[in-house]
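Okay, so here's the structure we're looking at.
The values are calculated or read from the model by the stated rules, or taken from the named source; none is laboratory data. Fair warning: this is a prediction, and the values are worked out from it, not measured in the lab. Don't worry about glycine lacking a Cβ; one is built from the backbone with ideal geometry, like all the others, and counts go over all protein chains shown.
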């Protein structure tokens, strides 16, 4: 240290002043901190990011204040109800994404046709069934050559009284016999979810196509009626269904349903179960097909059948045995009398 006009000056010899040394260390540490990464607590945390705000409308809020004013508590209750309410299937609730709307007028002229009340109710029932029931469809073919020959012979039989006997009457009779052998196919789940209902009656619904939509009237005690009586009842129920003159009780209480497209065509389809039933039979168009008879191929009348069933109630083996038994009954009408 040497004297100067402003005090003591550093001469390069001896210790440096303590204050200057601390200042230089502070500057070095500051530069070092600027190159280091930010501490973990200062990093942006995804969990702390706020979700985008939701827009709420006051149209559905009921005010409890004076003169119907909406209070803060009313708004909180409305938001809570909207957040906890179950989503509607029609709007794509749950894990089902909604179908985006399409402006069809962009592609050409359109016409709007009102949907009937019956068609809306049927669509809601089918949608509910498809979402709640694990459907499995099993296909088979029945050789009904002998049945068709017998049915056609009834046209000139005086015992038939000139009645028109359709194949559906024989199918219902065969289904009733199969349901007797396998009663679980005609059962239903109990409302408590812990029991299975086995029914001691056999009521079978038939799908009828009407201008207003599909309707399923029920024939009661099919196992106790003959083929002629069933044919007359099928015609009567179908006519009343198309005229919308059915009673409410004629649409309830079925154990099983049959949907026949034989008069239209097709080789098979997947019918949707009509809850609370657990199975439904689809009947396609009768066709001629060559079948092996043991000595050679012969043209035979083959009827395609499709059984849709609830896999929670019926396993594949039981459904296969049911279909095999049903095909045996249709192959030889004499078995229906056993």
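Among the numbered conditions (1) surrounded by fewer than 13 Cβ atoms within 10 Å (Cβ to Cβ); (2) assigned to a loop (DSSP other than H, G, I, E, B); (3) modelled with pLDDT under 90, the only one that residue 159 does not meet is (2).
State whether one or more residues within the range 72-81 are in a loop (DSSP other than H, G, I, E, B) and either over 30 Å from residue 277 (Cβ atoms) or modelled with pLDDT of 90 or more (or both).
Our first condition is that a residue be in a loop (DSSP other than H, G, I, E, B); within the range 72-81, this holds for none.
No, because not a single residue in the range 72-81 is in a loop (DSSP other than H, G, I, E, B) and either over 30 Å from residue 277 (Cβ atoms) or modelled with pLDDT of 90 or more (or both).
In a residue-by-residue description of the range 275-283, the property of being surrounded by 21 or more Cβ atoms within 10 Å (Cβ to Cβ), assigned to a loop (DSSP other than H, G, I, E, B) and modelled with pLDDT of 95 or more applies to at least one position. Of all the criteria given as (1) within 21 Å of the chain's Cα centre (by Cα); (2) at pLDDT below 95, the one not satisfied by residue 245 is (1). Of 265, 236, 253, all but one fail to be in a helix (DSSP H, G or I) and exposed (fewer than 14 other Cβ atoms within 10 Å of the Cβ); the exception is 236.
Residues in the range 221-233 that are out of contact with any helix residue (DSSP H, G or I) (no Cβ under 8 Å at 6 or more places or on another chain) and in a helix (DSSP H, G or I) were compared, and the one that is farthest from residue 283 (Cα to Cα) is 224.
Yes or no, residue by residue, for (1) more than 28 Å from residue 257 (Cβ to Cβ); (2) exposed (fewer than 11 other Cβ atoms within 10 Å of the Cβ); (3) modelled with pLDDT under 90:
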site	(1), (2), (3)
88	no, yes, yes
96	no, no, yes
104	yes, yes, no
125	no, no, no
128	no, no, no
166	no, no, yes
169	no, no, no
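Taken over the range 177-220, the criterion of being assigned to a helix (DSSP H, G or I), surrounded by fewer than 16 Cβ atoms within 10 Å (Cβ to Cβ) and touching a residue at least 60 places away in the same chain (Cβ under 8 Å) is satisfied by 181 alone. For the range 284-335, a residue qualifies if it is without any contact (Cβ under 8 Å) to a residue 60 or more places away in the chain, touching a strand residue (DSSP E or B) at 6+ places or on another chain (Cβ under 6 Å) and within 30 Å of residue 132 (Cα to Cα), and exactly one does: 284. Look at the range 300-338 and say how many of its residues are surrounded by fewer than 17 Cβ atoms within 10 Å (Cβ to Cβ) and over 29 Å from residue 226 (Cα atoms). Residues in the range 300-338 being surrounded by fewer than 17 Cβ atoms within 10 Å (Cβ to Cβ) and over 29 Å from residue 226 (Cα atoms): 5 in total.
Only one of the numbered conditions (1) at pLDDT below 90; (2) in contact with a strand residue (DSSP E or B) (Cβ under 9 Å, 6 or more places away or on another chain); (3) farther than 25 Å from residue 310 by Cβ is not met by residue 210, and that is (2). Of the residues screened, residue 313 is not one that is at pLDDT 95 or above, assigned to a helix (DSSP H, G or I) and within 26 Å of the chain's Cα centre (by Cα).
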